[in-house]
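Read the structure below first, then the notes.
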Amino acid sequence: MNTEVPTLEFSFLEEGFSAWDIVEQKINESSLTDDRDAFYVCDLGDVLKKHLRWTRALPRVTPFYAVKCNDSRAVVMTLASLGTGFDCASKTEIQLVQSLGVHPNRIIYANPCKQVSQMKYASAHGVEMMTFDSEVELMKVARYHDNAKLVLRIATDDSKAVCRLSVKFGAPIKACRGLLERAKELGLDVVGVSFHVGSGCTDAGTFVKAIADARCVFDMGEELGFQMDLLDIGGGFPGSEDTELSFEEITATINPALDKYFPVDSGVRIIAEPGRFYVASAYTLVVNIIAKKVIIDEEAPIDEEDNKTLMYYVNDGVYGSFNCILYDHAHCYPVLHKKPKPDETMYSCSIWGPTCDGLDRIVEQCCLPDMQVGDWLVFKNMGAYTVAASSTFNGFQRPDIHYVMSRPAWQYVQQIFAQGVLPPPLEGSSQLEIPACCGRGSTFDMPAKPCPANIV
Ligand SMILES: *Cc1c(COP(=O)(O)O)cnc(C)c1O
């Protein structure tokens, strides 16, 4: 492993300051000018907190962060320092991770359908662990990467997940024996089984079923003479607190299943590929209202408050950060920067992105006060599947990202890095006093939920 602490590109939070204070500060600075561009604040300390939470909740499972979820160098570097592994799906992702000094045995090439040239790249750069789910892939591996340590990806019942993956990837259980036999004939080495329950998992039972299925496939593999010693339980874990099922609820279901089907004395190494979990809550996006329309309902009585509807246009949209609405089925609601008065009138509003496409709508319907051009709206939990897939369509640039971390958090990261191992569970540790993540405990915390009366 490399021995230098990589340099991170972030600012230290002054003592007593939280990432939310930086949001406030940037808003104040920007409000002095006419620019008022959208921006992000990313709290790398929140990534560390997630890591500590992971090691506490899933002590047997080594995380291999799924790079596609957010490939910002600062995030990947923080995780590299923390000693996680990485799930890479392409040559570029492998290059990024290796450029930070990560050893190839901390990388799983977790794309079951790989381009040959990229498979050759992995082979030339020492990346051996890789997934497969078809016979054609086995033939490519036999030809171009015959020292691969193969992991058979099985399909799961992801019908209840927000984003389904098993429609595209994963071998059905009944196809597994045939695939394992074929791998044997080709002289390849199968070392384990992987699955993905679908991103945004809403049913922990899916994990249990998949872990039990993986056990069956392990048994088949062992019968055929493979030394099966790697279980990869994939991703699907929530990254924010506003989900149906909490992270700890899921892990409380997973742990007994792991102990039942893959007890500690089985010697099986267990890994996972969390993406969303690590990054969603670290990012707060701040956008500015650039235009506004007031729609008056002529039919409604004049003095009624609900005779007017407001349309707000802001400087990031679905072609930018909010691509998560289209691709990740996200529902994004803003919190107000200016605290409304207790008796402030709320209006039915829609929020639109800056491009000239009518599809570019962020919120169809929510309740907000009457705001002005130049006012700010804040979107929390914007780290997963946002910046990673955003475009500059129509000439609208991506928001700047301000990375911050508290000094105690940074010192803790360095300590973990120096030890070169995952930290022991942190019971009773007082050395880590990281400020609560963006906005928690803030007085401006007023989520704009959809008006119940108007939900369609
Ligand atoms: C996208 C992906 C992940 C990450 O999923 P999350 O739901 O973000 O945790 C993990 N593994 C594979 C193979 C993926 O494609």
The chain - percent relative contact order, Cα under 8 Å, separation 6 or more: 21 percent
Length-normalised contact order for the range 45-278 - Cα pairs under 8 Å, 6+ apart - percent: 20 percent
Kyte-Doolittle mean at least 0.5 and Cα axial length at least 27 Å: DSSP H helices in the chain: none
Kirkwood hydrodynamic radius of the chain, from inverse mean 1/r over distinct Cα pairs, in Å: 23.6 Å
Zone of M139's modelled label, taken as backbone nitrogen in the range 90-121 under 14 Å from a point 7 Å along Cα→Cβ: none
Inter-label distance, nm, simple model (7 Å from Cα along the C-beta direction), K209/I173: 1.0 nm
Accessible area per residue, Å², the chain with all protein chains present, probe 1.4 Å: 44 Å²
Protection proxy ranking, peptides 101-114, 132-145, average beta carbon neighbours within 10 Å, highest first: 101-114, 132-145
Per-peptide average of other Cβ atoms within 10 Å, ordering 359-365, 58-64 highest first: 58-64, 359-365
For the range 1-140, the spread of Cα positions along each principal axis, largest first, Å: 61, 37, 28
The range 60-117: relative contact order in percent, alpha carbon pairs under 8 Å with at least 6 residues between: 37 percent
Against the rule of thumb 2.2 N^0.38 Å, how large the Cα Rg of the range 45-278 comes out: 0.95
Sorted peptide list for 221-231, 17-27, 37-47, criterion being average Cβ within 10 angstrom, highest first: 37-47, 17-27, 221-231
Beta bridges per DSSP with both ends in the chain, % antiparallel, nearest 5: 40 percent
DSSP bridge pairs, the range 45-278: antiparallel proportion in percent, nearest 5: 5 percent
Subset of K68/K380; K114/K184; K168/K260 violating a 23 Å alpha-carbon distance limit: K168/K260
The chain, accessible surface, carbon-and-sulfur percent (1.4 angstrom probe): 51 percent
Within-11-Å neighbourhood charge of R60 [Cβ basis; K, R +1; D, E -1]: 0
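The values are calculated or read from the model by the stated rules, or taken from the named source; none is laboratory data. Please read all numbers here as calculations on a predicted model, not as lab measurements. A quick note on method: Cβ atoms are made from the backbone with ideal geometry, for glycine too, and the neighbour counts reach across all protein chains shown. Surface accessibility is based on the protein's heavy atoms, side chains included, excluding ligands, DNA and RNA. Shrake-Rupley method; radii C 1.70, N 1.55, O 1.52, S 1.80 Å.
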